[in-house]
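Everything below concerns the one structure shown next.
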Amino acid sequence: MTGLKKYIIRFGGLSVVSMILLTVLAGLLSDKVRMVLLGFGIAELIWALWFKPIFGKVEALEDAKLIAVLLFRGILIAAIILGLTIGM
């Protein structure tokens, strides 16, 4: 009986601790997902309001200009998402 108690305490406690940690990690993960979605939305809003009038339609650009504009847009999106998820 004593061995069974030790087994239950050891592995039951381990499962309780792991459940608590999993709930904390799930909350952290959901916060990060929300920050990524918010960052993507803000980046698209910034693109639509400030940069799209300057560059015009992306479909009308030539090859080199298209690559440059899309690279800039990707860097803008990545910077905003990283800034939000890091907590700046």
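Just so it is clear, none of the values below were taken in a lab; they were calculated from the coordinates. Since the structure is predicted, the reported quantities are computational estimates derived from the model, not experimental observations. Cβ: placed from backbone, ideal geometry, glycine included. Neighbour counts: every protein chain shown.
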Exercise. Which number in (1) loosely packed, with under 10 Cβ neighbours inside 10 Å; (2) touching a helix residue (DSSP H, G or I) at 6+ places or on another chain (Cβ under 9 Å) marks the one condition that Glu44 misses?
Worked result: (1)
Exercise. If only one of Ile86, Ile77 is surrounded by 15 or more Cβ atoms within 10 Å (Cβ to Cβ) and within 27 Å of Met35 (Cα to Cα), which one is it?
Worked result: Ile77
